[in-house]
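What follows is calculated from the coordinates using simple rules that are stated; it is not laboratory data. Small disclaimer: the values here were computed from a predicted structure and weren't measured. Here the Cβ is made from the backbone with ideal geometry for all residues, glycine too, and neighbour counts use every protein chain on show.
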Amino acid sequence: MQSNADVSGPTGDDAVKPLRGDAVYEWVRDRIIDGRLPPGSRIRERDLAEEIRVSRVPIREAFPRLEAEGYIRTLPRRGAVVAPMAISDVRELFDVRASLEVLAARLAAMQCAAGAAGDELRTALERAERAVVADPARTPEAQNQEIADATSAFHEAIVELSGNALLRDLMPPISGRVKRLFHLANERDDLDLHREHRDLCDAILRGQGERAAALALAHVEHSRAETLPLLERSAE
């Protein structure tokens, strides 16, 4: 692959274990999400097979899924390249989030009102709180990664608590795009982000469906208002 990004393959025991298509998918997806494979990077089957020590079969299994979820594009005479996140893609992402995350929050609150404990959501919030606390032992990059992971886990916990199986199936590709966007537009107030998460968690655990839905929508729209101008300026 032609890229200055860190695309080193598995090391140690993992380097000799055969990877299936889903594992190759996750390996490439994670590096696109966190920016180690930046937009425009070429992904050659032969080079990737050598880096992660697999045959081309699982790579060919992974590529259609990566393309279907918007992570790569297949171009004539260039093959697979990492797809950019266009401004139009980001607007569509926020539109979808404004529907599905609001629904998830309302349903999760209804589950709590009916007696669900919400322990996993509490745990996810505590993890998110630890992630935003300043720690001189962490690099800014490491903290940003921890915040991204914890934020994703918090929203996944809401979806899980919703009890809606179809919603759980719909969310993973959306969550991946959100996490990628988190890395692309990382100028934000993380403490403010956590306060919104804390208020949303409180409404859900109290079984306050409409309050939870309103807070979820406000959270998405706040993120939209902060993110789009950053991306528009970087595209100029």
(message) If each residue of separation counts as 0.36 nm, what is the full-extension length gain between residue 134 and residue 199 once their alpha-carbon separation is subtracted?
(response) 21.3 nm
(request) Pull up all non-local amide H partners of residue 43: gap of 5 or more, or a different chain, and H-to-H distance under 5 Å with H placed in the peptide plane. (result) 80, 81, 82
(request) Please name which of 66, 209, 223 has its Cα lying farthest along the dipole of the chain towards the positive end, using unit charges on Cβ (Lys, Arg +1; Asp, Glu -1) and the Cα centre as origin. (result) 66
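Given a cut-off of 20 Å, what percent of all Cα-Cα pairs of the stretch 12-82 lie beyond it? Write down the numbers at each step before the final one.
Values: 526 of 2485 pairs.
Every Cα pair in the stretch 12-82 considered, those over 20 Å come to 21 percent.
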(message) Compute, for the chain, the length of the dipole vector about the Cα centre, with Cβ point charges of +1 (Lys, Arg) and -1 (Asp, Glu) only. Units Debye, rounded to 20.
(response) 800
(message) Students often get this wrong, so try it: which of (i) 53, 41, 39; (ii) 65, 36, 27; (iii) 63, 42, 30 is Cα extents along the principal axes in Å as calculated from the structure shown?
(response) (i)
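List the GluC sites (Glu not before Pro) in the stretch 105-199 that DSSP assigns to loop (not H, G, I, E or B) and whose Cβ has at most 11 other Cβ atoms within 10 Å. Which are they?
Numbers: sites: 120, 126, 129, 141, 146, 156, 160, 187, 196; in loops: 187.
Of the GluC sites (Glu not before Pro), the ones in loops of the stretch 105-199 whose Cβ has at most 11 other Cβ atoms within 10 Å are 187.
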(request) Would you mind computing, in nm to one decimal, how far apart the modelled labels at residue 114 and residue 206 are, each placed 7 Å from Cα along Cα→Cβ? (result) 2.2
(message) Springs between alpha-carbon pairs under 10 angstrom, Gaussian network model over the chain: which of 153, 109, 23 fluctuates most?
(response) 23
(message) So for the stretch 12-82, averaging the separation of alpha carbon pairs under 8 Å that are six or more residues apart and normalising by length, what relative contact order in percent results?
(response) 39
(message) Whole angstrom only: what separates the Cα centroid of the stretch 86-112 from the Cα centroid of the stretch 203-231?
(response) 9
(request) State, to one decimal in nm, how far the label point of residue 221 lies from the label point of residue 30, with both points 7 Å from Cα in the Cβ direction. (result) 3.7
(message) Could you work out the relative contact order of the chain? I mean the mean sequence separation of Cα pairs under 8 Å and 6+ apart, divided by the number of residues, in percent.
(response) 24
(message) Run the numbers for residue 122 and residue 149: contour at 0.36 nm per residue of separation, minus the present Cα-Cα distance, in nm.
(response) 8.2 nm
